[in-house]
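Here is the structure we will look at.
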Amino acid sequence: MKMKKFLLSGILLLSSMVGAKGAVDPNFHIYICFGQSNMEGAAQWETVDNYVDARFQMLATTDFTNPQRTKGNWYTATCPIVSPAGHLGPTDYFGRTMVAALPANVKIGVVAVAMGGSPIEMFDKDLYAAKLAANPTEWWAQLAKNYYGGNPYGRIIEMAKIAQQSGVIKGILLHQGCSNCGDPNWPNMVKKIYNDMLADLNLTAADVPLFVGETEYADMGGGCASHNAVVANIPTVIPTGHVVSAEGIPGNGQDAWHFSAAGYRIFGKRYAYKALEVMGLPKQKDASYTLPENLANFFGVSSISCDDVTVRVGGRKHLVVTGTFADGHKENLSKESTYSSSDFTVSADGTVTATQEKSGIVKVSYTDFTGQTHVLDVHVEANNLGPNHVLAVNNGTAGSNPWDKQIHCALSTPMVKGKTYVVKATVRADNGGDFGLWPIWSTSPNRDQWNNSADVQYLSSYGMTASYQDFTWEFVASFDHDRLQFVCGKTGGMVYMDDVSCMEKGGSTELVPNGNFESDDMTAWSVLGYTGQTIAITEDPTTDITHVQRDRVADNHYYTLDGCRLNGVPTQRGIYIVNGRKVIIK
């Protein structure tokens, strides 16, 4: 009798243990992460990254040797957490931030598969085999074979199903694009992969949103910044898709594709902030969570700053709010700050619009992750005679070919093949050199994965001087051009542009966004950061056109750009000169 009781007790205990092991914890939130090198992690982790809360877990999707990990098992998410070839990436601080923001009974787990250089097709279960077979020697192909059995998508599904035995999949993180840069079909390809994942894992889109990170911005050194125009279409194509901004996130200064270690920390936090936003939760740490010193310094803001600005009447100015953190790093907080003003119209992203001459204040407020609120007043001056602004391009060292340095403008509406267009630009360069226009159909089906295209129209070049000159190109569009591509590859140093315009001949619709640069919105403008170019909008007191005499315009009269004096104030919209300055009549 005693033996029977012992056996029964043993069976019940064993059943209890098995049941506990197989139980799904609804408070174990799991995120699938996939993409190419930025998702894999491309920056060496530092001492500050060593502490990881045990509530942040990674499922090894391949075998690791350093540290020792076995595929299919859970581990505390210390670096590297994506693959043995990976380093610090956005997943690291995504998990750290989520753990700190959620209640103490919630764990975060990541299931990550990524290969440096991988095209998006390698994650399509219907296309990966052909892509792999056609590119057997590529680095990403070798990574796919060595770590994921040659089938990255299959490994995601295999590991995600193991993860579902322990917790609940709450979202999917993607960072990919440089290997498909500018491909207009990329959002649809992402949509198919997303839908396949949902179907194969028995998930619903409403419960499992997709978070897609932007590529490195041109002003941070990024060479694939043009892909962000494609990334922006994700929410339109995928209703449960959300874009994570890379604005102001620093590159590594060594190549045109990867972020720095500081950049990955910021990016991971932004992924988490977007996930918290979608969940309807504040972007702040949980009240019960005590941040370790390294994270307290990373999340805690010491101060915020924003320069006072001058705006021309009829123009706009985007306020750039910079936060200085306790660990010394700085971040662009413009999109995370809030703005108010009784003097000016200010948009949610901090863009000030001036409709009349006046001085006033814009109040900026930012509440950091620790719950501390920082406030400052920005003084704004709006007038008709404010400083003229131009696009300043630093070409760095001169190249050997015209295409070595390029200035791009994404048109608001593409040109139409067969129609006649007129492009104008006012240009000068400190060191002279040739300046050409090569309109391009950047989304042409003939383009390759590095954003080259056969559908380029090579127009004439002009010789730049140290004084501003007006350049004009009139041509019949050979393709449906969607981008102006100005080339000045043999010129080193500074090149300045102003009053860039593109219109159909005889038409009145301007296709160039912010061609007079009186707004500091450079969304449509980019350069080849990987060749050393940088871009900025700046004040330039020497914008007077060479054939307009200063003594003729410093008399309160209005003049056209070709020097013709008007009787009174002009009634037609356009750009005029008065008292040596350009003014805009709208």
Can you find, among SER226, LEU281, VAL309, the residue farthest towards the positive end of the dipole of the stretch 200-344? Put +1 on the C-beta of Lys and Arg, -1 on that of Asp and Glu. VAL309
Net charge (Lys, Arg +1; Asp, Glu -1) of residues whose beta-carbon lies under 15 Å from that of LEU291, LEU291 excluded, is 0
Using the Karplus curve 6.51 cos²θ - 1.76 cosθ + 1.60 with θ = phi - 60°, what ³J(HN,Hα) values do you get for each residue of the stretch 129-136, in whole Hz, with x for Gly and Pro? 5, 5, 5, 5, 5, 7, 9, x
Along the dipole axis of the chain (charges at Cβ: +1 for Lys and Arg, -1 for Asp and Glu; origin at the Cα centre), the most positive-end residue among LEU459, VAL422, GLN36 is GLN36
Per the 1.4 Å probe, what fraction of the accessible area of the chain, in percent, lies on carbon and sulfur atoms? 52
Dividing the convex hull volume of the Cα atoms of the stretch 175-223 by its residue count, what figure in Å³ per residue is obtained? 85
If you add up the charges near ILE108, with Lys and Arg at +1 and Asp and Glu at -1, over every other residue whose beta carbon is less than 10 angstrom from its beta carbon, what do you get? +3
Give me the percent relative contact order of the chain, please, defined on Cα pairs under 8 angstrom at least 6 residues apart. 12
Taking a probe of 1.4 Å, how large is the accessible area per residue of the chain, in Å²? 42
What order do THR491, THR465, THR355 take when sorted by accessible area (1.4 Å probe), most exposed first? THR355, THR465, THR491
Let me cross-check HIS374: its accessible surface, 1.4 Å probe, with only protein heavy atoms counted, in Å² to the nearest 10? 30
Distance in nm between pseudo-label sites at SER302 and THR76 (7 Å out along the Cβ direction from Cα): 3.0
Looking at the chain, do any whole DSSP H helices span at least 27 angstrom along their long axis by alpha carbon and average -1.0 or above on Kyte-Doolittle, and which? 2-22
Which shape class, rounded, prolate or oblate, goes with the stretch 96-144 when its Cα gyration tensor gives a ≥ b ≥ c as root eigenvalues, a/c under 1.5 marks rounded, and past that a/b bigger than b/c marks prolate? prolate
Computed from the beta carbon distance with a Förster radius of 30 Å, FRET efficiency for ALA466 and VAL422 to the nearest 0.05 stands at 0.70
Kindly give Rg over Rh for the stretch 437-511, based on alpha-carbon atoms, with the Kirkwood expression for the hydrodynamic radius. 0.98
Whole-Hz Karplus couplings 3J(HN,Hα) for the stretch 175-180, θ = phi - 60° and coefficients 6.51, -1.76, 1.60, Gly and Pro as x, run 9, 7, x, 4, 7, 10
Note, LEU459: beta-carbon cut-off 13 Å, +1 each Lys/Arg, -1 each Asp/Glu, net -1
The stretch 350-384 residues near the modelled SER342 label - backbone nitrogen below 18 Å, point 7 Å along Cα→Cβ: 358-365, 376-381
Long pairs among LYS71/LYS285; LYS191/LYS285; LYS317/LYS363; LYS170/LYS192; LYS71/LYS170; LYS283/LYS335, criterion Cα-Cα beyond 24 Å: LYS71/LYS285; LYS191/LYS285
How big is D, in µm² s⁻¹, for the stretch 359-518 by Stokes-Einstein at 4 °C and 1.567 mPa s if Rh is the Kirkwood radius over C-alpha pairs? 72
Which of LEU484, PHE64, TRP441, positive extreme of dipole for the chain (C-beta unit charges): PHE64
Kirkwood-based Rg to Rh ratio, the chain, C-alpha trace: 1.04
Extending each Cα 7 Å along its Cβ direction at THR353 and GLU510, get the distance between those two points in nm, one decimal. 1.5
Reach of LYS107 by Cα under 20 Å, taken over aspartates and glutamates that are not fewer than 8 positions away in the same chain: ASP25, ASP49, ASP53, ASP92, ASP207, GLU277, ASP286
Write down the Å³ per residue value for the convex hull defined by the alpha carbon atoms of the stretch 271-354. 127
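The values are calculated or read from the model by the stated rules, or taken from the named source; none is laboratory data. Fair warning: this is a prediction, and the values are worked out from it, not measured in the lab. We place every Cβ from the backbone using ideal geometry, glycine too, and count neighbours over all the protein chains shown. Quick note on the areas: whole protein, heavy atoms, side chains included, nothing else; ligands and nucleic acids left out. Shrake-Rupley method; radii C 1.70, N 1.55, O 1.52, S 1.80 Å.
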